[in-house]
Structures are given as structure tokens and as C-alpha cells.
Amino acid sequence: MNTDKVINTVVDRAPVKHSKDKNEKSTIPHLSLAKVAGLPARLFLRLNERVWYRLPSRVRDLRPVRSYGAWLHTLVCRRARREMYVGTSFLRNRPMLELIRRLSDRKGNGASLRIAVLACSIGAEVYSILWIIRSARPDLKVALQAVDISKEVLRFAEKGVYGADASAAVAWPIFEHLTSHEKQEMFDWEGDQAKVKSWLNEGVTWKLGDAADPELVGALGQQDIVVASNFLCHMPPADAGRCLRNIARLVRPGGHIFVSGVDLDVRTKVALDLGWSPMPELMADIHDGDSSVRGDWPWRWWGLEPLDQRRPDWHTRYAAAFQIN
């Protein structure tokens, strides 16, 4: 496969609309995005970022400082031209994978488990989920549908061979979270090339599809677990909200949806509107489980704010896993 083509395709695989919702109102009254406090906005943010990382963590955790960070993040989001980035790695959020394992463990002996992974990229998340479940419950009949908008990316993922080219494709070290033991458990190695073990590749259907397509539920059917992580944050909020409502239709009544990497205001509104039940298990661990995203707040639009239990809506706002009633 032409690796350069895959690299270009991965980065460009999902067109993102940049039109502003006509009903969207500014949350920063009288704020000019060209200048802030008399400085060009870019310079203002750059100076604040340099100061921010020099502050001790105990200072950044103070409520007034967090509130200031939230204001800065709002400014960052309003200035950003959101694009699709596809950084991924194996076992990226271990607490989230542990909760998926616990849910699968509630199934009876030999039961079937239907899972859909949307925006599956080059397959790291797919194989991580299957490794967690099948290592603990080899008796389950797992049928996993992996969906992406790019044919080239799906071919790469289905092949299941990873090396330096795969890390280059997603601009991320895909093995960085794995121990030496886990590398041997998940892959057959030839030099620096890792091929996913055959028992992890079984039962996977790779599908071309768009998470925003209203026909998606007809193509996939309803699922026990739907994973829709780390792509909605790259859409304008109005588009992300519509897409998330569409994704929710894939989850069978009583099933579960995992959705991280999304604007928290968007996820909270959809969850409340549709009556989702937040999963309390491992909530804080999952929220902090992806250090790359947590560490980028408040300076990148995908950055994830610290969990704040003083908010009245914190159970819903900070949950990344929900049961669909």
C-alpha cells in the first residue's frame, strides 16, 4: 500500500463544515477576536500559554484560575478553524477499555455481543477493544463493525500490519501505551513490523460509512455498544450535535454509548435532551484517561477541561459512557 497516500487520506478523511450556526450566540460579550486586552489575539494567547505552563499545578487547580482557563479555551475554540486530526494509539484510554470489559463480562456464557466503532481510523481502537474483551471472555461471540469514511484507511486497518509508517500516518507513536508483554500478546513481530494476531481480527466487518449519515442505522443495525470517540470535537458544535444524535440511534434500548473527544457542552445537551443515563463507574478515571487530550486544555480546541464536581451537572457533563434508555 502507498503509505504517503494513506497519510494524506487519514488527515483529510472527513470533510468538516465551517459555517457558523445563525442562531449561535457569543459567550464572550464585547470580545474582539482580532485583539484581546489591546494585543493581537494570537500573541495574547501565546503569552498566556507560556505563563500557564509555568504555574504550579496546585495554582492551576484553583477555581479562579480554572475559570480563567475556561475563558481562554472559549477564545481558542472561537478562533479555531477546526480540522480533522487522527492521532491514535493502542490502549489509548485504559479506564474506558476496562469499563467496556466490565460491560461485556455481564453477558452470559457464549452470548453474542454487537459493537460498532465509528471513525475507526487505522484500527488501533478496534483491536484494543477486541483484545480487552477476548482476553477476558473468549467464550463471547463478538461481532464488531468498524466504520470509517475513507476506503484507504479501512484497507490499512483491515490489513492489521503496523510499523513506523503507521505512526507516521496518524502523526502519533501508536505503541507508546503498550508494555513489552502487551506487544507480544497482541502482535506477531517481524523486525519492527507488527501484525495483529489472527484471533483479534476475527469477527470484524470493515465498513465504509459516515457517522452523520441518517441511513447508518439501516446499514449497521442496532448495537450493544457503540464507540464514537475523538472525532466529534473536530466538527463545528452544531454539526457535532446533529451527528451525535444520529449515532445514538445505533444503540439498542439498554445498550451503551462511549463518546469522548467531543465538546462537553455538545455532549451534555444531547445527553440531557435524549435522557441518557451517565455511567458512574470509572467516570473520573476515564475523563483523565487520555493524557494527551487533558494536557492540551485550554490551548487546543480538543483540550478537555478538568473535572469539576462543584458543577450541578457534573455527573452528565463529565461522563464519557452512557446507558441508552
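So here's what we get for this one:
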| item | result |
| --- | --- |
| Members of the stretch 86-137 found to be out of contact with any strand residue (DSSP E or B) (no Cβ under 9 Å at 6 or more places or on another chain), surrounded by fewer than 21 Cβ atoms within 10 Å (Cβ to Cβ) and of a type in the set (Lys, Arg), listed by number | Arg94, Arg101, Arg102, Arg106 |
| Residue in the stretch 138-164 that is nearest to Asp105 (Cα to Cα), counting only those that are out of contact with any strand residue (DSSP E or B) (no Cβ under 9 Å at 6 or more places or on another chain) and among the acidic types (Asp, Glu) | Asp139 |
| Condition broken by Ile225, with the remaining ones in (1) surrounded by fewer than 20 Cβ atoms within 10 Å (Cβ to Cβ); (2) modelled with pLDDT of 95 or more satisfied | (1) |
| Checking Arg81 against (1) loosely packed, with under 11 Cβ neighbours inside 10 Å; (2) modelled with pLDDT of 65 or more; (3) more than 23 Å from the chain's Cα centre (by Cα), the condition it does not meet | (3) |
| Residue match in the stretch 270-292 (condition: of a type in the set (Val, Ile, Thr) and farther than 28 Å from Ile133 by Cα) | yes |
| Lone unmet requirement of (1) on the phi > 0 side of the Ramachandran plot; (2) surrounded by 15 or more Cβ atoms within 10 Å (Cβ to Cβ) for Phe322 | (1) |
| Conditions (1) β-branched (Val, Ile, Thr); (2) buried (at least 19 other Cβ atoms within 10 Å of the Cβ); (3) over 21 Å from Gly87 (Cα atoms): number failed by Thr205 | (2) |
| Number of the condition not met by Leu232 [criteria: (1) in contact (Cβ under 8 Å) with a residue 60 or more places away in the chain; (2) touching a Leu at 6+ places or on another chain (Cβ under 8 Å); (3) closer than 24 Å to Pro280 by Cα] | (1) |
| Of all residues making up the stretch 141-199, the number that are touching a residue at least 40 places away in the same chain (Cβ under 8 Å) and of a type in the set (Lys, Arg) | 4 |
| Filter result for Gly303 (at pLDDT 95 or above and not basic (Lys, Arg)) | no |
| Spans of strands (runs of 3 or more DSSP E) in the stretch 140-200 with at least 1 residues in contact with a helix residue (DSSP H, G or I) (Cβ under 6 Å, 6 or more places away or on another chain) and assigned by TED's automatic domain parsing to the domain that holds Leu130 | 141-148, 193-196 |
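The values are calculated or read from the model by the stated rules, or taken from the named source; none is laboratory data. Just so you know, these numbers come straight off a predicted model, no measurement behind them. Every residue, glycine among them, receives a Cβ derived from its backbone with ideal geometry; neighbour counts consider all protein chains shown.
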